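Peer 1: Handing you this structure, nothing more for now.
Please treat every number below as a calculation from the coordinates, not as lab data. In this text the structure is predicted, and so the values were computed from the model without any measurement.
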């Protein structure tokens with residue numbers, strides 16, 4: 001399982017961002033914390049942030065700003 005060896009840091013401020021076409025209030029200050037806040041598995045999602053696909057290793061440093069647009073794609077197995 002993929003993970004980062006660092007604690008999550010939420011900035012405590014709530015901001016509005018667009019996630020998958022819906023405006024949501026979040027506390028996360030970066031993409032890594034957003035995935036944790038949404039309770040998603042780190043190794044099963046891809047994130048597009050303001051029309052750019054972001055590498056997993058950049059998530060902790062990719063800051064989220066008010067009114068950002070984020071698409072979260074989740075892989076699901078099935079048959």
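Peer 1: Using 0.36 nm per residue, how much length does the chain from residue 63 to residue 16 gain when fully extended, once their Cα-Cα distance is taken away?
Peer 2: Details: separation 47, 0.36 × 47 = 16.92 nm, distance 1.36 nm.
Going from the current span to full extension adds 15.6 nm.
Peer 1: In addition: Report the Stokes-Einstein translational diffusion coefficient (µm² s⁻¹, integer) for segment 10-74, Rh taken as the Kirkwood radius over Cα pairs, at 25 °C with viscosity 0.890 mPa s. Write out the running numbers ahead of the final one.
Peer 2: Numbers: Rh = 11.5 Å.
Taking Rh from Cα pairs, D becomes 213 µm²/s.
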